[in-house]
Protein chains: 2
Amino acid sequence: MTPVDLKHAYRLLNHGPTVLVGSAHAGRTNVMAAAWAMPLDFDTPKIAVVVDKSTLTRALIDASGVLSVCVPTVAMKDLVMAAGAMSGNNQPDKLDRCQIHIQEAPQTGVPLVQGCIAQMECRVLPATAHVAGPHDLILAEVIGAWADERVFSQGRWHFENAPPELRSLHHVAGGHFYAIGEVVQALPVANA
Amino acid sequence: MTPVDLKHAYRLLNHGPTVLVGSAHAGRTNVMAAAWAMPLDFDTPKIAVVVDKSTLTRALIDASGVLSVCVPTVAMKDLVMAAGAMSGNNQPDKLDRCQIHIQEAPQTGVPLVQGCIAQMECRVLPATAHVAGPHDLILAEVIGAWADERVFSQGRWHFENAPPELRSLHHVAGGHFYAIGEVVQALPVANA
């Protein structure tokens, strides 16, 4: 994994992939799948992600104030499905059951999921409690970002030059995903 | 376009497409492109979308309290690029220049963009001013939804059975998009 310039971190989510959200607090670590994540700002880079109040992930993020957001691949489809279906509250060994391998992020210790094509460590923005309450919405600043150079370099995704199993996943429903697909280049705009 | 059951409306954005955001107030109508949009809740269906404070779209939404969110296709790539690059503030005839054809949504009159594979009309949630301020974030309830039956039926996308130009667009940077790609089916999870 190669560090991503923080001003380009928003591009890791710009195309709308399904993500894995990692959390850790007081010796407990969890990873869940989330389809509802997006960039919120460029520079300082910020993201928004929806994490249900009933989840262990939410409890750990609320307690620690930090989280990770990683972009999994086609090769990881069954892991993502399992991470979305199992609860860390009910399955204390969820990470083992899901075959999720992690390493600790350097600044915060949140779990970065191995095999992902992008990894971010994030700090929850301080004034979001009033949003989080009614809407399960977490707003966070990205303080570290990494990507797999085979598919992301010079601030851009380049899926077309890499093996198809490295493409991002985009969840529809019930374990039915699409991989990101072919390049579409629009015409430049004159007199904008 | 066929009505979508509101409890399935979140699925129109679940896979992370780039969208067109429509607005109308006091005789002015605008449409802009936005890559930062996601579902926020299932039922009642809600969405979150980032719309910069400097835009005409934002002014019209703030004044009217309503907006549309539509999902454009590969066939509409140049329209989407133009709608993202041109400002309705500087170009009063932006819709003509972008070759955007609209119809008014039945409940709110917001512009629904023709040729899109999904269309939603939405009402801004009342308590979001404090979020919108610092973060340009709009939270809204979906009150009407439609989709193109060739690619969305029975509450699910079915891009694999339709012409490739009907696939959704996922923006990377600078007019460089990916189309949504191939189906990836994960294994069901036992003992979740």
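The values are calculated or read from the model by the stated rules, or taken from the named source; none is laboratory data. Since the model is a prediction, treat every value here as computed from it, not as a measurement. Positions of Cβ are generated from backbone atoms using ideal geometry, with glycine treated the same way; all protein chains shown enter the neighbour counts.
Listing for the model above:
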| read-out | value |
| --- | --- |
| Filter result for B:L112 (more than 13 Å from chain A (Cβ to nearest Cβ), more than 23 Å from B:M38 (Cα to Cα) and at pLDDT 95 or above) | no |
| Flag if A:G84 is at positive phi and in contact with a strand residue (DSSP E or B) (Cβ under 7 Å, 6 or more places away or on another chain) | no |
| The range A:70-83, subset under 25 Å from B:K46 (Cα atoms) and touching a helix residue (DSSP H, G or I) at 6+ places or on another chain (Cβ under 8 Å), residue farthest from the other protein chains (Cβ to nearest Cβ) | A:V71 |
| Filter pass, A:S68 being farther than 18 Å from A:F177 by Cα, under 14 Å from the mean Cα position of the chain (by Cα) and of a type in the set (S, T, Y) | yes |
| Filter result for the condition that a residue is under 22 Å from B:A48 (Cβ atoms) and at pLDDT 95 or above, over A:V74, A:V66, A:V31 | A:V66 |
| Members of the range A:1-34 that are in contact with a Pro (Cβ under 9 Å, 6 or more places away or on another chain) and under 18 Å from A:G65 (Cβ atoms) | A:G22, A:S23, A:A24, A:R28, A:T29, A:N30, A:V31 |
| Selection status of B:A85, under 17 Å from A:V184 (Cβ atoms) and modelled with pLDDT under 95 | yes |
| Criterion violated by A:E149 - all others in (1) in a loop (DSSP other than H, G, I, E, B); (2) within 12 Å of chain B (Cβ to nearest Cβ) satisfied | (2) |
| Subset tally (residues that are part of a loop (DSSP other than H, G, I, E, B) and touching a Leu at 6+ places or on another chain (Cβ under 8 Å)) for the range B:152-192 | 1 |
| Which numbered condition B:D78 fails, given (1) under 12 Å from B:L169 (Cβ atoms); (2) in contact (Cβ under 8 Å) with a residue 12 or more places away in the chain | (2) |
| Index of the failed condition, B:W36 passing every other in (1) at positive phi; (2) facing another protein chain (nearest Cβ under 10 Å) | (1) |
| Among the residues listed as B:V184, B:V80, B:V151, the single one being of a type in the set (V, I, T) and within 15 Å of the chain's Cα centre (by Cα) | B:V80 |
| Hey, B:H176 within 7 Å of chain A (Cβ to nearest Cβ) and either closer than 18 Å to B:P39 by Cβ or touching a residue at least 40 places away in the same chain (Cβ under 8 Å) (or both) or not | no |
| Residues located in the range A:39-69, provided they are at the interface with chain B (Cβ under 10 Å from one of its Cβ atoms) and under 10 Å from A:V19 (Cα atoms) | A:V49 |
| Among residues of the range B:84-102, those that are more than 20 Å from B:R167 (Cα to Cα), without any contact (Cβ under 8 Å) to a residue 40 or more places away in the chain and more than 10 Å from every other protein chain (Cβ to nearest Cβ), counted | 4 |
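Residues checked against (1) within 22 Å of A:M1 (Cα to Cα); (2) among the β-branched types (V, I, T):
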site	(1), (2)
A:D43	yes, no
A:D52	no, no
A:D62	no, no
A:V66	yes, yes
A:V69	yes, yes
A:M81	no, no
A:D96	no, no
